[in-house]
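Novice: There's a structure below that I have some questions on.
Since every read-out is calculated from the coordinates, none of them should be taken as a lab result. Model, not experiment: these values are computed from the prediction. Here Cβ is always computed from backbone atoms with ideal geometry, including for glycine, and neighbour counts include all displayed protein chains.
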Amino acid sequence: MEVLAIGFMLICASSASKLLSIDETETLFKKFVLKELNEQETVTLQELFELLRLPRYVPMTRKQKMGYPTTRAAFARNLECIACRSIFAALFEGVAAGQSDDQLVDTLTTLCTAMGIQTQKVCSGAIELNLPIINYIIRNTPEATPWTFCGLLLQTDLADECPHGDTRFEWQVELPAVPESVVTPTLDPRPLKIAIVTDAHIDPMYEPYGVADCDEPTCCRYGQNPAPLYRLQRAVDDELYERTVVEQNGVTALNLSVASEMIRQRGLYLTTVAKQTPEPAGYWGDYRSCDTPLWAYDDVIDRIAETHNDIDIVYYIGDTIDHGVWETSFELINDMNRHLIEKMRTAFGENVLVVPTIGNHEAQPTNQFAPNRVVGELNTTWLYEALVDKWGPYLTDEAKASLLERGEFSVRPRPGFKVITLNNNIAYRDNWWLVYDPTDAKRHLDWLVEELRQSELAGEKVHILAHIPPGRADFTHTWSREYSRIINRFSSIIAGEFNGHMHSDQFKLFYSSTDGAPIAVAWGGGGATAYSNYNLNYKIMDFDTTTFEATSMECYTYNVTEANLTPNRRPHWFLLYDFKNSFDLPNLSPISIDNLVNAMASEGYYLDLYAAYYSKLSDTRWPYCNQNCKIGYLCDIVITELWNRQKCEELTQRYMNRLQ
Ligand SMILES: *[C@@H]1O[C@H](CO)[C@@H](O)[C@H](O)[C@H]1NC(C)=O
Ligand SMILES: *[C@@H]1O[C@H](CO)[C@@H](O)[C@H](O)[C@H]1NC(C)=O
Ligand SMILES: *[C@@H]1O[C@H](CO)[C@@H](O)[C@H](O)[C@H]1NC(C)=O
């Protein structure tokens, strides 16, 4: 009833254009947080919500979903930037007024729900978990502004569209000169075989045959409700967003008169979905935003142990915890981290070295990694301590001390060979602590440089494990640029990088900043989860015992659709590809991979193959990857520094030329 009344008022008021400047918008949100809105302002705020409302239930066709670009049009993003800054400005005001965490959680939950961002339960859960950190950062960081938070939060791959202008984010690591002489270690000639497992995302709440199409961001969990029966057929027209932001006499303003049209259009696009019973959640995992059942994770590990009894090492590249980010707990994280490693130790025995890495989901709350000087209850040391305890059997005292201090460490499996696990989650844009201290990220790269310098002097080759792949909008520009500089400087000793996070099977190729030659490959591990629209996988890789470069890479998977037809039988794992053979390569060196990337652009066949393997032949992703989607995959390979899209554009051009 209330909603109808507001809609009516808007329609009556829409004859004149009603403009709200950015300052007025901010003031409105501030008054909302301070509970100082009068009646008229309350109505105006409602109109604003209509303009800013996210299209929550837009069931895009799979085709749309898999196509690129997936980001909203530039003017819609511009609107998001304005909205984000206003909301954070209001939050700063609330903090300055000394409001308690509880008060702020209430207000923000109302905003989050009113703007259709998530359900009440998800909004309040996520805000409750995150607000104490944000509040602490606002109170203790004089340089922090609403712009800083939003610049990180809304950063995209395309350009710096909601810039924060915070100069603290600009820093450089110091790179040592190349030494004149290095040691030549005596190497172990025995073959080296490594299993790669990543992104287990084990969900202890997984309910087989439960609700897979639910009203929360992660489904297949006990106690969930089905998605609502009414849905938007499509999002509001881009043209409406475009008309929302207007410039008048050099002042940017929002045209509130557009709100009535938005309401009208949403009304037109809103349809009741035919009452149908969606397929219940599969037993062995589910393509629809569902994490991994415990038994499916166990099956991955048992399968590796049974099938590949000659592996020497296992690389685990992070993200053990589920995507129920609005209701994670210390207990959940501890239990899953313990299960993950105990299962591996039991299945592989004590003679197989496991090198685990921390993922962004391991933190409480998700993504939040505080610098180690943050003490008190918001610290991240609790996680590092807990992992020292669980991963202890695989670590030296030195590695334990390093893990405890920073969440990263190195180990030497053999003479002349070092494995570094880098905790790059600290530089993830969703980590609020970046606002508190953007140079904490630098300290982690300084540590990496020191590790590499020591290995260089010792004549060692190095593998780097890091959860998040380089070059993505997930990182600040500075981080990706500096990481690239480090790879350039030390490419002669870096024999491979290994990442997780994406769940898709992909890789990255670095080029020299001086002569453009291919210098290093960062291999993606794929993921042991179906989240979302993927088949699960693990990899088996062989390495040269002198250069420690990969000599072969096999990927194993199962068809989730097929496995779920026979819940009582273990999934049928099969060899999806042997990379070298499938792509007709003589070896897996950066030069060969560069040849492959060029062939993908000029001969569609190899890119088609890559696109098929990308989702591991997922029934709900592979068939829907259109041309834009494939170009996106190709570009992702060569973008290793944020916003540096030159190589991507060259390849795209070549791919398009071929089609003409
Ligand atoms: C604001 O939107 C209304 C309704 O669409 C339109 O009539 C009016 O011209 C717009 N005003 C400006 C300044 O663009
Ligand atoms: C670190 O945080 C955890 C979780 O809030 C807390 O239990 C622990 O006491 C904290 N440690 C210190 C030293 O404050
Ligand atoms: C997966 O299994 C289902 C059910 O047997 C089948 O229909 C589908 O074609 C399979 N997918 C692939 C890529 O083979």
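Novice: Translational diffusion coefficient, Stokes-Einstein: compute it for the range 543-660 using the Kirkwood radius over C-alpha pairs as Rh, at 37 °C and 0.692 mPa s, and state it as an integer in µm² s⁻¹.
Specialist: 204 µm²/s
Novice: While we're here: Where in the range 593-660 are there GluC sites (Glu not before Pro) that are in a DSSP coil and have at most 16 other Cβ atoms within 10 angstrom of their Cβ?
Specialist: For GluC sites (Glu not before Pro) across the range 593-660 that sit outside H, G, I, E and B with at most 16 neighbouring Cβ atoms in 10 Å, the list reads Glu603.
Novice: To continue, here is another question. Using a 7 Å offset from the Cα along the Cα-to-Cβ direction at both Asp542 and Glu24, what is the distance between the two label points in nm, to one decimal?
Specialist: Result: 7.2 nm between the two label points.
Novice: A further question on this structure: Rounded, prolate or oblate for the range 415-533? Axes are the square roots of the Cα gyration tensor eigenvalues, ordered a ≥ b ≥ c, and the cut-off for rounded is a/c under 1.5.
Specialist: oblate
Novice: Averaging sequence separations of C-alpha pairs under 8 Å and six or more residues apart, then dividing by the length of the chain, give the relative contact order as a whole percent.
Specialist: Rounded, it is 16 percent for the chain.
Novice: So how long is each side of the range 366-464 along the principal axes, counting just the alpha-carbon atoms, biggest first, in Å?
Specialist: So the extents along the principal axes, rounded to whole Å, are 40, 27, 19.
Novice: State which entries of Lys390/Lys461; Lys193/Lys461; Lys343/Lys400; Lys418/Lys508; Lys508/Lys647 exceed 23 angstrom in Cα-Cα distance in the structure shown.
Specialist: Lys390/Lys461
Novice: A further question on this structure: Which FRET efficiency value, to the nearest 0.05, do you get for Asn644 and Tyr269 by plugging their Cβ-Cβ distance into 1/(1 + (r/R0)^6) with R0 = 30 Å?
Specialist: Plugging the Cβ-Cβ distance into 1/(1 + (r/R0)^6) gives 0.20.
Novice: 222 nm [θ] for the chain, helices only, -39500 (n - 2.57) per DSSP H run of 4+, per residue, to 500?
Specialist: The helix-only estimate for the chain comes to -13000 deg cm²/dmol at 222 nm.
Novice: What are the DSSP H helices in the chain that stretch 24 Å or more along their long axis, judged by alpha-carbon atoms, and whose average Kyte-Doolittle hydropathy comes to at least -1.0?
Specialist: Membrane-span-like by this criterion, though nothing is claimed about a membrane: 74-96, 120-140, 330-348, 440-457.
Novice: For the pair Arg338 and Leu575, what calculated FRET efficiency results from E = 1/(1 + (r/R0)^6), where r is the Cβ-Cβ distance and R0 = 25 Å, to the nearest 0.05?
Specialist: 0.20
Novice: Which three extents, in whole angstrom, do the alpha-carbon atoms of the chain cover along their principal axes, largest first?
Specialist: Cα extents, longest axis first: 82, 55, 55 Å.
Novice: Hey, what do the phi angles of the range 278-288 turn into as Karplus ³J(HN,Hα) couplings, whole Hz, using 6.51/-1.76/1.60 and θ = phi - 60°, x for Gly and Pro?
Specialist: Karplus-based 3J(HN,Hα) across the range 278-288 equals x, 3, x, 4, x, 6, 9, x, 8, 5, 8 Hz.
Novice: Now for a different question. Fully extended, how many nm does the chain gain between Ala458 and Asn351 (0.36 nm per residue separation, minus their Cα-Cα distance)?
Specialist: That pair, Ala458 and Asn351, stretches by 36.0 nm at full extension.
Novice: What distance in nm separates the simple spin-label points at Ala517 and Asn628, each placed 7 Å from Cα in the Cβ direction?
Specialist: Between Ala517 and Asn628, the label points sit 3.9 nm apart.
Novice: Between Trp382 and Asn38, what is the FRET efficiency for a Förster distance of 45 Å, r being their Cβ-Cβ separation, to the nearest 0.05?
Specialist: So, using R0 = 45 Å, E works out to roughly 0.45.
Novice: Grab the Cα-Cα distance for Glu239 and Ile117, subtract it from 0.36 nm times how many residues apart they are, and report the gain in nm with one decimal.
Specialist: Stretched fully, the Glu239-Ile117 segment lengthens by 41.8 nm.
Novice: Right, here's the next one. What fraction of the DSSP beta bridges in the chain is antiparallel, stated in percent and rounded to the nearest 5?
Specialist: 60 percent
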